[in-house]
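These notes are about the structure you will find just below.
Read the figures in this text as sums done on the coordinates, not as results from a lab. This structure is a prediction, so every number in the text was calculated from the model and none was measured. Ideal geometry is used to build each Cβ from the backbone, glycine not excepted, and the neighbour counts take in all protein chains shown.
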Amino acid sequence: MQNIVDTLNGIIWSPAFIGLFLAAGLFYSIATRFVQVRQFREMIRLLVNNKDSKRGISSFQALTMSLSGRVGTGNIAGVAAAIGFGGPGAVFWMWVVAFFGAATAFVEATLAQIYKEVQHGQYRGGPAYYIEKAMGQKWYAWVFAIATIVACGFLLPTVQSNAIGNAVEQAVGAGATLDTFLGQITTTKLITGLCVITLLGIIVFGGVKRIAHFTQVVVPFMALAYILAACVIIVMHIDQVPAMVSLIVGDAMSPMAGVGAAIGWGVKRGVYSNEAGQGTAPHAAAAAEVKHPAQQGLVQAFSVYIDTLFVCSATAFMILITGAYNVHNPDGGFLIQNLAASVDANSPAFTQLAIESVAPGVGNPFVAVALFFFSFTTLLAYYYIAESNVAYMERTLKIPHAMTLLKIGLVAMVFYGTIKAANLAWGLGDIGVGLMAWVNVIAMIIIFFIGRPAIKALRDYERQKKSGEAEIKFSPEKLGIKNAEFWKEK
């Protein structure tokens, strides 16, 4: 199974994909005239919009829902893996992906808002909707929808739950080992898995409103606590900060693990973490109640900064400044070995050991708790994304008990991921991310050349802001944007 997964990932995450992703971020940065820099103050201003409706959620709730998908295992275990397999220079490439990815995130979120619909009293939208309406290719939209249901409903959840199980086991010990039809399972992971799926089931069966209300409380609190812990460690080692930054930048230009390893792992974990261009965040963006599509695009662009430049950097700094990491040699062995060879780079262990080295007895449980909330909210986001694509498919084809089957499948895979090996879980997750990202990024580029709807929306919003109009409005017909029925009726 591991060999099959590794082979598929070698095809999906080829140099062509990495080049496409970086080129797309640069392309949209230029096309939007670096909106991620020019409109930074407007992003902050829009965050205070907390108005929801019966059909939609507020911009802030949409932000926290998308952040619940962005801020997860990738920020803790993903950063550790980037360093462990790509060297410290991989962190620099994660920053590059985040900077250019903010423009990509703006475009895909704006597209989701332009082409959203009202289904059963709720806003629905995402890549499948804008692929069908802007490209006019329903078959391609179905390809994305199916890939997303498989990825977010079954593959990606295994990564999040696996990290929860590993973190709890690292904190409290493995306990006894049981022989089951799924192989050997430790009692710690078994109990953890049962607790996670019980809580997950309660919230998932409550719908999008319950998910939004849960994430708007948990995500900001845990992100703030996690960044605060990183700041404490950095202050305690403030004299080492210049050398650490020099290590990151220097290794990015002459990477110890090789150019391909540093860029490859930096881009792979950067995409996995901030999700810009992946096609997941637009689902939450479409659910927001806003006056103009560009507003939610700006909010979603800012979420990339929160994810990578704040939370991922916090993890990287803690690991590097305390020296709690190994760097694997692509040809075997280690290029740097500060920890035991048995410490898995595909797990949260680097981060736990980094905090543990500064605050003995605190690091393991703190990271376990942080990872539980980060990963759990990501599981909720994955369910909502998969649900949105099932809803898209049911516009054409009614599938009996589709939502119920999705919920059962997700819960089952969450339990499976909790008890299985980290490498297999990450491999399955990478397949899911790669499939969605390939389909979405290609679609976004085609849509740009067909009609540039997101760019038109941005310029329209900036024009209205500059002219000081009393009320911001969006009229797709005036901009020559077709098939935006929701905004046309509004």
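Quick notes on this structure:
- In loop segments of region 129-183 as defined by DSSP, the chymotrypsin sites (Phe, Trp or Tyr not before Pro) with at most 14 further C-beta atoms inside 10 Å of their C-beta are F181.
- Amide hydrogen proximity for A288: with H placed 1.01 Å from N in the peptide plane, the residues at 5 or more positions away or on another chain lying under 5 Å are I57.
- Neighbour-count order for C152, C195, fewest beta carbons within 10 angstrom listed first: C195, C152
- Remark: region 481-490, residue by residue, has Karplus-estimated 3J(HN,Hα) of 9, 9, 6, 9, 4, 4, 6, 5, 5, 5 Hz, where x stands for each Gly or Pro and the curve is 6.51 cos²θ - 1.76 cosθ + 1.60 at θ = phi - 60°.
- The aspartates and glutamates whose alpha-carbon is closer than 12 Å to the alpha-carbon of K465, local same-chain residues fewer than 8 away aside, are E42.
- The ranking of M318, M253, M393 by Cβ neighbour count inside 10 Å, starting from the fewest, reads M253, M393, M318.
- Beta bridges assigned by DSSP with both partners in the chain are antiparallel in approximately 90 percent of cases.
- Region 372-414 versus region 95-117: alpha-carbon centroid distance in Å: 22
- Amide H to amide H, with H built 1.01 Å from N, L335 comes under 5 Å of V327, H328, N329, counting only residues 5 or more places away or on other chains.
- Cross-link pairs exceeding 18 Å between alpha carbons, from the set K133/K456; K116/K138; K398/K488: K398/K488.
- For the chain, adding -39500 (n - 2.57) for each run of n ≥ 4 DSSP H residues and dividing by the number of residues yields -22000 deg cm²/dmol at 222 nm.
- Between A285, P157, G183, the Cα set farthest toward the positive side of the dipole of the chain (charges on each charged residue's Cβ, about the Cα centre) is that of A285.
- Label selected from [x] 204; [y] 175; [z] 138, the criterion being volume of the Cα convex hull per residue in Å³ as computed here: [z]
- About the Cα centre, charge dipole magnitude for the chain (Lys/Arg +1, Asp/Glu -1 at Cβ), debye: 1800
- The ranking of T404, T308, T322 from fewest to most other beta carbons within 10 Å of each one's beta carbon is T404, T322, T308.
- For region 331-438, GluC sites (Glu not before Pro) meeting the loop criterion (DSSP other than H, G, I, E, B) and having at most 14 other Cβ atoms within 10 Å: E394.
- Axial C-alpha extent at least 20 Å, average Kyte-Doolittle at least 1.6 - helices from the chain (DSSP): 15-31, 187-204, 208-236, 402-419, 422-451
- Residues with amide H under 5 Å from that of Q119, placed H, sequence gap 5 or more: R124
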